[in-house]
Every structure is written in C-alpha cells, then in structure tokens.
Amino acid sequence: MFGFFRKIDRHSELMNGMAQRLGVDLGEEVAERHIKAQDYRDALVRCSHCGSVEACVEWQKENDHAEVAPPYCRNRDLFAHLAE
C-alpha cells in the first residue's frame, strides 16, 4: 500500500512541477473554481499512468519555464487550457 502513496506523491510533484513551468498554479485553479477538485484528481490519475516519468524529470530539470508541455504529457491539453 505504501508504494501506491509514494507513486501518487511522486506524480503530484511532477504534475505540479510541470504546471508551474507552464505558469499554472493548480491549487489556485481549484480554489478559484476554474477546475473542479475532481478534474485535479483526474489529472493526477492520468499523470500516474504516464510511461515517460524519466523524460518528464529530465525535461523539468532542463526547463524552468515553457510555453507548452512536452508532447508525451498526458495533461498537455489541460495545462494549455489553464494557461490561456
């Protein structure tokens, strides 16, 4: 069971790191009701099923800021919508 929580924690960090680099504050988006808490949860589940974790880690190390998420990002469309 602890492996599940570690995975969720890791993907939460990755997802929020990706969002920050794209100028999106997911906590603020939920608080201001731009997205529902369920949408946040769904995004986290999508992230947790990603097969490009190491690529994401490297991309985040190399990019402090970006206009768009990399093509493999399962939340690319959501981030693009929120960054508008």
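The values are calculated or read from the model by the stated rules, or taken from the named source; none is laboratory data. Everything numeric in this text was worked out from a predicted model, so none of it was measured. Counting neighbours? That spans all protein chains shown, and the Cβs are built from the backbone with ideal geometry, glycine included. With ligands, DNA and RNA removed, areas are computed over all heavy atoms of the protein, side chains included. Shrake-Rupley method; radii C 1.70, N 1.55, O 1.52, S 1.80 Å.
If you go through segment 9-43 and keep only what is under 11 Å from the mean Cα position of the chain (by Cα) and either β-branched (Val, Ile, Thr) or farther than 20 Å from Ala66 by Cβ (or both), you end up with Arg10, Val24, Tyr40, Arg41, Asp42. Applying the criterion of being of a type in the set (Lys, Arg) and under 20 Å from Ala83 (Cβ atoms) to the residues of segment 1-40, the residue that is most open to solvent (accessible area, probe 1.4 Å) is Arg33. Which of the residues belonging to segment 47-58 are in a helix (DSSP H, G or I) and surrounded by fewer than 11 Cβ atoms within 10 Å (Cβ to Cβ)? Hit for segment 47-58 is Glu54, nothing else. Right, His81: within 9 Å of the chain's Cα centre (by Cα) and either of a type in the set (Ser, Thr, Tyr) or surrounded by 11 or more Cβ atoms within 10 Å (Cβ to Cβ) (or both) or not? Taking the combined requirement at face value, the residue does not satisfy it. Would you please name the residue that is farthest from Asn16 (Cα to Cα), looking only at residues in segment 59-75 that are assigned to a helix (DSSP H, G or I) and open to solvent by less than 80 Å² (accessible area, probe 1.4 Å)? In this case the residue turns out to be Trp59.
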